[in-house]
Amino acid sequence: SLKSDHPSNKAFLIKMLSIFIETIPVSVESMMMFFEKNQFDQVSKVAHKIKPSIEGAGILVLKECIRNVEDFREKKRNVVQLKADLELIQKVIGEVIVAFKIEIDKLKEGEN
């Protein structure tokens, strides 16, 4: 996880968590929107874009899932499978955001 890499650099960690909170849910929403419009290649593009952030944040439960979405054609994922993958991503990212906000509060408290 990020924390073990940068134990001393709280400002850096807060910034990384904040960027994740600001950008990733928006991207997840756009994937859902593209999915609803049957624009599956756009869904794949967004998955490709956010994959490094998800892996960098150490969200292992989504490792295979985000790749399934990114490579849905190669993996011959059908619409039902793609929707299930997206719903899992949405659910997990929602939980991660809550955890990251708590983490930021703890880091900020530690500064005082």
### Message
Taking just the alpha carbons, could you work out the radius of gyration and Dmax for the chain, both in angstroms?
### Response
15.3, 52
### Query
Can you list the HN-Hα couplings for segment 79-91, worked out from phi with the Karplus curve (6.51, -1.76, 1.60; θ = phi - 60°), rounded to whole Hz and with x for Gly and Pro?
4, 5, 5, 4, 4, 5, 4, 5, 5, 5, 4, 4, 5
### Query
To the nearest whole percent, what portion of all C-alpha pairs in segment 25-87 is separated by more than 19 angstrom?
19
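Every number here is computed from the coordinates shown, using simple stated rules; none is lab data. In this text, all values refer to a predicted model and were calculated from it rather than measured experimentally.
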